[in-house]
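Shown next, in structure tokens, is the structure this report addresses.
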Amino acid sequence: MMYFVSKKVVPMLDTELRSLVQGFRARAAEILLRAETMHDVDVCLKLREIAASYERLARQIEQREPRVVVETAVGQFSQA
């Protein structure tokens, strides 16, 4: 026997997205501070790469266009 589980797609609120962006930027800043205290050049470079990745994530979230999700009559979701 198979059971159908309905999944509701709820878009993130603007405030949640802004909070996510702030969190990524805070992590990037913290990692950059740690990088400054490292004596190992390789570790310092890796930490800077990680911080740059967090910054890229923040920019991608800011630049993304909101998606409109519509539930069809048969319970499937499509993007409009």
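Bear in mind these aren't lab numbers, they're just calculated from the coordinates by the rules spelled out. All of these numbers come straight from a predicted model, not from anything done at the bench. Note that each Cβ is placed from the backbone with ideal geometry, even for glycine, and that neighbours are counted across all protein chains shown.
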Stretch Ile61-Leu33 to full length: gain in nm at 0.36 nm per residue minus the Cα-Cα span?
-> 7.7 nm
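Evaluated at 20 °C with a viscosity of 1.002 mPa s, what Stokes-Einstein diffusion coefficient in µm²/s does the stretch 14-67 have when Rh comes from the Kirkwood expression over alpha-carbon pairs? Walk me through the intermediate numbers first.
Numbers: Rh = 11.8 Å.
For the chosen part, D equals 182 µm²/s.
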Rounded to the nearest 0.05, what FRET efficiency is calculated for Lys46 and Arg25 with R0 set to 22 Å and r the Cβ-Cβ distance?
-> 0.70
